[in-house]
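*Asks:* Provided herewith is a single structure, encoded as structure tokens, for subsequent inquiry.
The values are calculated or read from the model by the stated rules, or taken from the named source; none is laboratory data. If you're wondering where the values come from, they're calculated on a predicted model, not measured in any experiment. No Cβ is skipped: glycine too gets one built from the backbone with ideal geometry, and neighbour counts run over all protein chains shown. Each accessible area value is taken on the protein alone, full model and side chains, heavy atoms only, with ligands, DNA and RNA left out. Shrake-Rupley method; radii C 1.70, N 1.55, O 1.52, S 1.80 Å.
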Amino acid sequence: MQARVASMEDVKEARQAAGQGRVLPTGMLKVFLGFLLLGVGLSAFGMYMARHAVAAVAPALFRPCLGGSSAEEEPEGLERWTRPPARVEHAMTDEELLWRASFGPRVRGYPFRRVPKVAFMFLTRGPLPLAPLWERFFRGHEGRYSIYVHALPSYHANFTSESVFYRRQIPSKVAEWGQMTMCDAERRLLANALLDISNEWFVLVSESCIPIFDFNTTYRYFQNSNRSFLMAFDDPGPYGRGRYNWNMTPEVELDQWRKGSQWFEVHRELAIEIVKDTVYYPKFKEFCRPHCYVDEHYFPTMLTIEAPNSLANSSVTWVDWSRGGAHPATFGRGDITEEFLRRVQKGRTCLYNNQNSTMCFLFARKFAPSALEPLLELAPTVLGFG
């Protein structure tokens, strides 16, 4: 019996001792309560700051669905699509540029006031020695023309900000006479000019070209024409069909092969046809070489196949081949007289809108830099400007 009683008492004492061990001393209890209150306070402060921070950034992070723009921004209108590029410099590749330039409205007419412009595209290796004459030609006609210059990539023009040629040099590549790179340069000029939806006519000229009538006469001639001016004829000789390569089939058959001058003046619809072409370009690039002179055949052949009724089959750029040789005659200071210029202006008869006309040319080439001074002297009385 003693052993059992002692055992139970041991258990009781052990329980009492355990209960006493769970009671914290007074100092430790105060410290614990202090930390507890501090934690509750910090938690409440954190929740307060978080709530106000979310409220502050919510307008920036969460915008109402208003057609993709915030309430502070003006919705975009038609001007985005009709405004010409602020400058001609850009970072597009040729492939991207041609793709972008091929865009065109399918609806006839424009839902805004559009003043048609003539795009003058200067294809040159470097300087424009006859620029002072062109400056006088363009003077006073702002808003009805635009200018694009394709020169060697290494050339940087130094026109002043008052010049119509100031910062009009487009991104370019080397272009070689008779090679596909020449056609690439012409397509590049067209594509850059097509980015301005107001450009209606596209005129290709060189540094040796001059205008032979005033701007208003030239402008009306284009606006009233129902044809584009690009020469395309069937030459059965060795310098025509003799350059044809049978690998061009089936895209181009022998009887579709055409030849013409590289200097053209085309309407916007034909300009788009040229830049969007992916059918004929590969054939001409691969098989119209080395002595094919692709710049004389590519555009005339392609447009004869795709848009024959849109061509006047003539160019309005006068040139003199009477001296023979691989290149036309060049005229310098001693050649420039009133009689000479009158003969260029009215020296032949042609068809204009299916009617006989004595005004067959608007431009002439080739003129040397030495011709500038007499041209400036005769411009007011013979050419009608200056």
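*Asks:* Does Asn353 meet the test of being assigned by the TED database to the domain that holds Ala271 and at positive phi?
*Replies:* Here the answer is no, as Asn353 does not meet what is asked.
*Asks:* Continuing with this model, one more query. Can you say whether Val382 is free of Cβ contacts under 8 Å to residues at least 60 places away in the same chain, within 28 Å of Asn224 (Cβ to Cβ), open to solvent by less than 20 Å² (accessible area, probe 1.4 Å) and assigned to a helix (DSSP H, G or I), as far as the supplied structure shows?
*Replies:* When the stated conditions are applied, Val382 passes them.
*Asks:* Sticking with this structure for a sec: For the stretch 199-239, how many residues meet the condition of being open to solvent by 20 Å² or more (accessible area, probe 1.4 Å), under 20 Å from Lys276 (Cβ atoms) and of a type in the set (Ser, Thr, Tyr)?
*Replies:* Adding up the residues that qualify gives 0.
*Asks:* Determine which member of the set Arg342, Arg323 is open to solvent by 80 Å² or more (accessible area, probe 1.4 Å) and either of a type in the set (A, V, I, L, M) or part of a helix (DSSP H, G or I) (or both).
*Replies:* Result of the check over Arg342, Arg323: Arg342.
*Asks:* Still on this structure, please answer the following. Among Glu176, Glu251, which is the only one that is surrounded by fewer than 19 Cβ atoms within 10 Å (Cβ to Cβ) and at pLDDT below 95?
*Replies:* So the residue among Glu176, Glu251 that is surrounded by fewer than 19 Cβ atoms within 10 Å (Cβ to Cβ) and at pLDDT below 95 is Glu176.
*Asks:* Follow-up. Which residues, taken from the stretch 282-306, are out of contact with any strand residue (DSSP E or B) (no Cβ under 8 Å at 6 or more places or on another chain) and in a loop (DSSP other than H, G, I, E, B)?
*Replies:* Cys288, Arg289, Pro290, His291, Cys292, Tyr293
*Asks:* Inside the stretch 308-320, can you point out the residues that are crowded, with 16+ Cβ neighbours inside 10 Å and either more than 30 Å from the chain's Cα centre (by Cα) or in a helix (DSSP H, G or I) (or both)?
*Replies:* Ser310 - this is the single residue of the stretch 308-320 that is crowded, with 16+ Cβ neighbours inside 10 Å and either more than 30 Å from the chain's Cα centre (by Cα) or in a helix (DSSP H, G or I) (or both).
*Asks:* So which residues in the stretch 357-379 are free of Cβ contacts under 8 Å to residues at least 24 places away in the same chain and either outside the structural domain of Lys346 (by the TED database) or open to solvent by 30 Å² or more (accessible area, probe 1.4 Å) (or both), if there are any at all?
*Replies:* Once the filter is applied, which keeps residues that are free of Cβ contacts under 8 Å to residues at least 24 places away in the same chain and either outside the structural domain of Lys346 (by the TED database) or open to solvent by 30 Å² or more (accessible area, probe 1.4 Å) (or both), the stretch 357-379 yields Thr358, Glu377.
*Asks:* Can you tell me which of Gly109, Gly140, Gly126 is open to solvent by less than 20 Å² (accessible area, probe 1.4 Å) and out of contact with any Lys or Arg (no Cβ under 8 Å at 6 or more places or on another chain)?
*Replies:* Gly126
*Asks:* Let me ask something additional. Can you pull out the residues in the stretch 150-172 that are under 24 Å from Tyr293 (Cβ atoms) and either open to solvent by less than 50 Å² (accessible area, probe 1.4 Å) or in contact (Cβ under 8 Å) with a residue 60 or more places away in the chain (or both)?
*Replies:* Selection gives His150, Ala151, Leu152, Ser172.
*Asks:* Within the stretch 174-191, does at least one residue satisfy the condition of being more than 25 Å from the chain's Cα centre (by Cα) and part of a helix (DSSP H, G or I)?
*Replies:* Within the stretch 174-191, none of the residues are more than 25 Å from the chain's Cα centre (by Cα) and part of a helix (DSSP H, G or I).
*Asks:* Tell me which residues, restricted to the stretch 258-299, are at pLDDT 95 or above, out of contact with any helix residue (DSSP H, G or I) (no Cβ under 6 Å at 6 or more places or on another chain) and among the basic types (Lys, Arg).
*Replies:* Listed by number, the residues that qualify are Arg268, Lys276.
*Asks:* So which residues in the stretch 225-257 are within 14 Å of Ile305 (Cα to Cα) and either aromatic (Phe, Trp, Tyr) or part of a helix (DSSP H, G or I) (or both), if there are any at all?
*Replies:* Phe233, Met248, Leu254, Asp255, Gln256, Trp257
*Asks:* I'd like to know if the stretch 74-89 contains one or more residues that are assigned to a helix (DSSP H, G or I) and either at pLDDT 95 or above or loosely packed, with under 10 Cβ neighbours inside 10 Å (or both).
*Replies:* yes
*Asks:* Tell me, please, whether a residue that is assigned by the TED database to the domain that holds Glu269, part of a loop (DSSP other than H, G, I, E, B) and over 30 Å from Arg343 (Cα atoms) can be found in the stretch 198-208.
*Replies:* Yes, there is a match, as at least one residue in the stretch 198-208 is assigned by the TED database to the domain that holds Glu269, part of a loop (DSSP other than H, G, I, E, B) and over 30 Å from Arg343 (Cα atoms).
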